[in-house]
Amino acid sequence: MNSLSGPYIQTFIFENTGFMVGFLHKEKTSESMGKTLNKIQQDLSDDEFKQLFSLLLTDRGSEFEKHEYFEINKETGEIRLNIFYCDAMQSSQKPHVENNHNYIRDILPNQLDLNFLTQEKLNLMFSHINSTPRKSLNNKSPYEVFTFMYGEEVAKKLNIQEIERDKVILKPYLLK
């Protein structure tokens with residue numbers, strides 16, 4: 001069963017693409033989640049980061065309450081983005097997030113113990129999810145739309161690769 005004591009998956013979904021990445025955490029704190037943005041910012045060029053992360057829309061979870069860990073790179077002191085919070089209990093304010101999370105639940109059902117997860121397994125899972133065609137994207141995959149907009153190199157820097165359509169797996173055995 002997914003445990004309240006972790007591990008935790010932090011997800012980012014990029015608007016208009018359906019493209020989603022996830023990062024494994026042992027702690028559910030603002031500091032831990034903010035460090036992920038520091039890492040992403042190091043891996044991307046300044047222009048790439050600004051294109052992808054001009055703003056962050058999130059829920060009101062305790063892990064997001066210290067906004068400065070997200071808005072400011074604590075290592076450089078640089079203001080990097082603006083964070084906005086959805087109203088409490090209003091998942092309708094970010095329906096694309098909720099819909100995308102259903103793909104995660106297909107592979108990682110609620111009753112599954114997540115202690116076996118590694119970042120490499122998450123990257124594989126999100127590569128499969130991002131390679132799944134969507135009606136909302138005119139039968140293109142989030143990977144195809146994202147790489148059209150931002151380039152394959154950016155997807156690679158986010159550790160996502162394209163999976164051939166007939167090899168996509170959205171079942172728990174993907175990560176065995």
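The values are calculated or read from the model by the stated rules, or taken from the named source; none is laboratory data. Note that the structure is a prediction, hence the values are computed from the model and not measured. Don't worry about glycine lacking a Cβ; one is built from the backbone with ideal geometry, like all the others, and counts go over all protein chains shown.
Which residues, taken from the range 42-53, are outside any loop (DSSP other than H, G, I, E, B) and either under 18 Å from the mean Cα position of the chain (by Cα) or closer than 20 Å to Glu31 by Cβ (or both)?
Correct list: Gln42, Asp43, Glu48, Phe49, Lys50, Gln51, Leu52.
Which condition does Leu56 not pass, out of (1) in contact with a Gly (Cβ under 7 Å, 6 or more places away or on another chain); (2) not in a helix (DSSP H, G or I), if it passes all the others?
Failing condition for Leu56: (1).
If we scan the range 69-76, do we find a residue that is surrounded by 16 or more Cβ atoms within 10 Å (Cβ to Cβ), part of a helix (DSSP H, G or I), acidic (Asp, Glu) and out of contact with any helix residue (DSSP H, G or I) (no Cβ under 8 Å at 6 or more places or on another chain)?
Yes, the conditions are met somewhere in the range 69-76.
For the range 33-62, which positions are at pLDDT 90 or above and surrounded by 17 or more Cβ atoms within 10 Å (Cβ to Cβ)?
Hits for the range 33-62 are Met33, Gly34, Lys35, Thr36, Leu37, Ile40, Gln41, Leu44, Glu48, Phe49, Leu52, Phe53.
Could you look through the range 129-140, keep only residues that are of a type outside the set (A, V, I, L, M, F, W, C) and in contact (Cβ under 8 Å) with a residue 40 or more places away in the chain, and pick out the one that is surrounded by the fewest Cβ atoms within 10 Å (Cβ to Cβ)?
Ser136
Quick one: which residue in Leu112, Leu81 is surrounded by 15 or more Cβ atoms within 10 Å (Cβ to Cβ) and out of contact with any strand residue (DSSP E or B) (no Cβ under 9 Å at 6 or more places or on another chain)?
Leu112
Could you run through the range 146-176 and say how many residues are in contact with a Ser or Thr (Cβ under 7 Å, 6 or more places away or on another chain), part of a helix (DSSP H, G or I) and buried (at least 20 other Cβ atoms within 10 Å of the Cβ)?
Total satisfying the criteria: 2.
Condition first: at pLDDT below 95 and not β-branched (Val, Ile, Thr). Can you find one or more residues in the range 136-154 that meet it?
yes
Scan the range 99-114 and give yes if some residue there is without any contact (Cβ under 8 Å) to a residue 12 or more places away in the chain and under 22 Å from Leu56 (Cα atoms), otherwise no.
Yes; the residues of the range 99-114 include at least one that is without any contact (Cβ under 8 Å) to a residue 12 or more places away in the chain and under 22 Å from Leu56 (Cα atoms).
What about Ile169, is it farther than 25 Å from Asp43 by Cα, in contact with a Lys or Arg (Cβ under 8 Å, 6 or more places away or on another chain) and among the β-branched types (Val, Ile, Thr)?
Considered against the rule, which asks whether it is farther than 25 Å from Asp43 by Cα, in contact with a Lys or Arg (Cβ under 8 Å, 6 or more places away or on another chain) and among the β-branched types (Val, Ile, Thr), Ile169 comes out as no.
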